Amino acid sequence: MSDEVTTTAATAAPPAFLRLNEGTNALRAGLGILLLVAVVALLAPWLAPGDPSALGPAADRLLPPSAAHPLGTDMLGRDALARLVHGSRVSLLAGWLSALVAIVLGTGVGLVAGTGPRWLDRLLMTFTDACLSFPRIFLILLLVSLTRPSLTLTMLVIGLTGWMGVARLVRAETLSLREREYVAAARGLGLSPWRVGTRHVLPSLWPTVIVATALRVGSAILTESFLSFLGLGAQEPTVSWGAMIQSGRPVLLEAWWLTAFPGLALALTVVGCNLLGDGLRGRLDPRRMKAARHE
Amino acid sequence: MIPWLARRLLWSLLMLVLLMTMVFAIVRLAPGDPLDAGAAESVDARERQLLRERLGLDEPLAGQYVRWVSACLRGDWGLSLRQQRPVADVVGEAVGPTLLLTLTAYLLHLALAVLAAVAMAAYRGRFIDHLVGGAGLVLLSLPGFWLGLMLLLLFARQLGWFPAGGLQSVDAALLPAGARLLDLLRHLALPAATLALGSYMGTARYVRAALDEAMGQEFILAARSRGVSERRLLWRHALPHALLPLITLAGLHLPQLLGGAVVVEVVFGWPGLGRVSVEAIGARDYPVIMATTFLSAVLVTAGSLLADAGYRRADPRVRLTGPGTP
């Protein structure tokens, strides 16, 4: 890492704001973007007062972007900016909640597999591998097809199908932590596997888990938006970016703004999550921390 | 090699049984009866009972399971509730287009990933490195369906360079073979590009890290001291080194690509597994979704088997370092 810094300094370095690949810049940019989206989501009722789903005047249908409607209006005469502002709530909520489900499940399974007896490890990992063999979206579609679409269900299903990668990551990290002297010492003291796992291994896993969370949120937001795009996520009158893209699709040619802007909002939010994840990884990477400890 | 292959095949087979069991369990353990969820909402009670009997929903679960597994193994996937024809036919027609799309996109994905990785490694720490990395990150963060719609708007609707969707033109059957192939490629271009553009950066980052690592090794130093140009060092000496692990990565990427294909198929009306599943959802046609879900997992299992075998062929070190655990 340090030698990368010196080469960067030695060659013609680009302006700081462009160096987003890793490290502090990525972290700052990611945090900044997510804070912006979070503030918009929190203040939505004040930023865009009134019901975003209430019908607008008939004369206002499909207006292109203008001063009165910066992002134009949809086929029901509703202001697209107001709907975009309200839609941020669904994306953030769905992203975080389903990521939380996935992270809790994945960390639990990974930790148990990594610290528990060998047969349990094999059993859990075989199950994890089996779940990983399904392309996620098929599993989600199958689950959603068996019930009525709703936002709660969508969030749950995204979480329930997204824990496998986290479980493998946490298990691998746990296995390497197990060999550390302090963990061996804790076991030698006769502490129960549960206590060793939660009190001695889990705290060292946080960096891995935090990075995984940031990346998971981004991917959960994308998955939710796709399900809403298919009409399987948030239902009217809840506004969501995916559903906005869907409703703009039939008039793509006449009213590109209805499709373009919600997609850009989604992209911005997910870029924020990915930058945050990359930046945190640069800061918290367990391998680098390990290397630092050995120095 | 053979004992390893036998073990690996056995493992895949076990996996398939497990996958089949999971699909069955998900469908049958979901709250309610598959028929409650919608397909038969309009059907009256008597017809409903007939349908239940035909689908065997009144038998005990264990009996249903055995019957289902043995029927599946015989290739009998039941009848599509919506189309009233065998699920095997409905799904079978969709496998080809999905594989065509996925494999084309993967080739494009690899080409883009290698170009981006070499560009980043060659201009390490400089403007181009950050530009390519930043652009890739943005592409990776775009919703695939939105990227597809935007490409559709620009290249199909506005510029008219490519058709707006589907597998081939209406009159394709009348065209001579060469023109038909061209027609297919033109239809394939936008969906494959959408899928590749949205995913290549993951691989590119991996290759870039491997390139950086390779460039720091002694064989590169030796070649450099012999006067080999930096460009040649990167392309001919470091790159092959960095590409070897991609064989394994290909196996891991397959689920993602198949999943991404669902999104793209819906936007471009590509008649593959994804579109068939999404259409089936509207009609609550769960036998079809069961089949597509299982089939997608079969493709992934087969892909990872191929990737493992390929890696063993390509890298003798793996074969020499003891028994390969599946």
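The values are calculated or read from the model by the stated rules, or taken from the named source; none is laboratory data. If you're wondering where the values come from, they're calculated on a predicted model, not measured in any experiment. Here the Cβ positions follow ideal geometry from the backbone for every residue, glycine too, while neighbour counts run over all protein chains shown. Heavy atoms of the whole protein, side chains included, go into the accessibility calculation; ligands, DNA and RNA do not. Shrake-Rupley method; radii C 1.70, N 1.55, O 1.52, S 1.80 Å.
Name the residues whose placed amide hydrogens come within less than 5 Å of the amide hydrogen of residue A:233, ignoring near sequence neighbours (fewer than 5 apart) on the same chain.
Result for residue A:233 returns A:228.
Round to the nearest 0.05 the FRET efficiency obtained for residue B:28 and residue B:135 when R0 = 60 Å and r is the Cβ-Cβ distance.
With R0 = 60 Å, the Cβ-Cβ based efficiency is 0.80.
Counting only residues 5 or more places away or on other chains, whose amide H sits under 5 Å from the amide H of residue A:73 once H atoms are built in the peptide plane?
Here the answer is A:62, A:63, A:80, since their amide H atoms fall under 5 Å of that of residue A:73.
For n ≥ 4 DSSP H runs only, could you compute -39500 (n - 2.57) per run for the protein assembly as shown, divide by its residues and tell me the 222 nm figure to the nearest 500? Kindly include the intermediate steps, with their values, before the conclusion.
Working: 27 runs with 429 residues, N = 621.
About -23000 deg cm²/dmol.
Full extension from residue B:85 to residue B:67: what is 0.36 nm times the residue separation minus their Cα-Cα distance, to one decimal in nm?
4.5 nm
Of A:81, A:100, A:113, which is farthest on the positive side of the dipole of chain A, counting Cα position, with +1 on Lys and Arg Cβ, -1 on Asp and Glu Cβ, and the Cα centre as origin?
It is A:113, whose Cα lies furthest towards the positive end.
Give the Debye-formula value of log10 I(q)/I(0) at each listed q (0.12, 0.20, 0.24 Å⁻¹), with one equal scatterer per alpha carbon of segment B:67-135, two decimals each.
-0.57, -0.86, -0.98
Provide B:183, A:79, B:171 ordered by accessible surface of protein heavy atoms (probe 1.4 Å), highest first.
Output order, biggest surface exposure first: B:171, A:79, B:183.
Output ³J(HN,Hα) for segment B:285-293: one whole-Hz value per residue in order, computed from phi by the Karplus curve 6.51 cos²θ - 1.76 cosθ + 1.60 with θ = phi - 60°, and x for Gly and Pro.
Ordered by residue, 3J(HN,Hα) equals 8, 5, x, 5, 5, 4, 5, 5, 4 Hz.
Around residue A:243, with a cut-off of 14 angstrom between Cβ atoms, what is the net charge of the other residues, counting Lys and Arg +1 and Asp and Glu -1?
Numbers: positive: A:78, A:83, A:89, A:249; negative: A:74, A:224, A:236.
Net charge in that neighbourhood comes out at +1.
Could you give the nm distance between label points at residue B:6 and residue A:100, where each point is 7 Å from its Cα heading toward the beta carbon?
It works out to 5.2 nm between the two label points.
Does anyone have the angle between helix A:80-115 and the longest principal axis of chain A? Alpha-carbon axes, 0 to 90°, nearest 10?
So the helix axis and the longest Cα principal axis differ by about 20 degrees.
Any idea how far apart residue A:192 and residue A:148 come out in nm if each label point goes 7 Å out from Cα toward Cβ?
4.3 nm
Report the Stokes-Einstein translational diffusion coefficient (µm² s⁻¹, integer) for the protein assembly as shown, Rh taken as the Kirkwood radius over Cα pairs, at 4 °C with viscosity 1.567 mPa s.
Estimated via Stokes-Einstein, D reaches 49 µm²/s.
Considering only A:220, B:182, A:237, whose Cα is most displaced toward the positive end of the charge dipole of the protein assembly as shown, charges sitting on Cβ of Lys, Arg (+1) and Asp, Glu (-1)?
Farthest towards the positive end: A:220.
In whole Hz and in residue order, list the ³J(HN,Hα) couplings for segment B:174-189 that follow from phi through the Karplus curve 6.51 cos²θ - 1.76 cosθ + 1.60, θ = phi - 60°; x for Gly and Pro.
7, 6, x, 3, x, 5, 5, 5, 4, 4, 4, 5, 5, 6, 7, 4
As an exercise, use a Förster radius of 22 Å and the Cβ-Cβ distance of residue A:24 and residue A:210 to find the FRET efficiency, rounded to the nearest 0.05.
Values: r = 16 Å, r/R0 = 0.73.
The value I calculate is 0.85.
Length gain on complete extension for the stretch residue B:306 to residue B:103, per 0.36 nm per residue less the alpha carbon to alpha carbon distance?
Length difference between fully extended and current span is 71.7 nm.
If each of residue A:47 and residue B:226 carries a label point 7 Å out from its Cα toward its Cβ, how far apart are those two points in nm?
Reported label-point gap for residue A:47 and residue B:226 is 6.0 nm.
Taking the alpha-carbon set of segment A:105-175, what are its Rg and Dmax in Å?
13.5, 41
Rounded to the nearest 0.05, what FRET efficiency do residue A:236 and residue B:164 give with R0 = 25 Å and r taken as the Cβ-Cβ distance? Could you check?
Approximately 0.35, to the nearest 0.05.
Build a GNM of chain A with springs between Cα atoms under 10 Å: which of A:258, A:202, A:275 gets the top mean-square fluctuation?
Top of the fluctuation ranking is A:202.
Tell me the relative contact order for segment B:92-314 as a rounded percent, counting alpha carbon contacts under 8 Å between residues six or more apart.
Result for segment B:92-314 is 29 percent.
Give me the dipole magnitude in Debye, nearest 20, for chain B about the Cα centre, with unit charges on the beta carbon: positive for Lys and Arg, negative for Asp and Glu.
The calculation lands at about 1280 debye.
For residue B:79, enumerate residues with amide H under 5 Å from its amide H, sequence gap 5+ or separate chain, H modeled in the peptide plane.
Amide H neighbours of residue B:79: B:87.
List the trypsin sites (Lys or Arg not before Pro) within segment B:60-110 that DSSP assigns to loop and that have no more than 16 neighbouring Cβ atoms inside 10 Å.
Within segment B:60-110, the qualifying trypsin sites (Lys or Arg not before Pro) (loop, at most 16 other Cβ atoms within 10 Å) are B:74, B:82.
What is the list of residues in segment A:211-245 whose amide nitrogen lies under 19 Å from a point 7 angstrom out from the Cα of residue A:31, following Cα to Cβ?
Under 19 Å, as judged by backbone N against the label point of residue A:31, lie A:211-218 of segment A:211-245.
By how many nm would the segment from residue B:76 to residue B:115 lengthen if fully extended, with 0.36 nm per residue of separation less the alpha-carbon distance?
Using 0.36 nm per residue and subtracting the Cα-Cα distance, I get 9.5 nm.
Output needed: percent of Cα pairs per 10 Å distance bin for segment B:92-314, bins running from 0 to the one holding the longest distance.
8, 27, 30, 22, 10, 3, 0
Measuring from the lowest to the highest alpha carbon on each principal axis, how far does chain A reach, largest first, in angstroms?
If we take the Cα atoms of chain A, the spans are 77, 57, 32 Å.
Show me the GluC sites (Glu not before Pro) within segment A:122-228 that DSSP assigns to loop and that have at most 12 other Cβ atoms within 10 Å of their Cβ.
Working: sites: A:173, A:179, A:181, A:224; in loops: A:179.
Sites meeting the loop and neighbour criteria: A:179.
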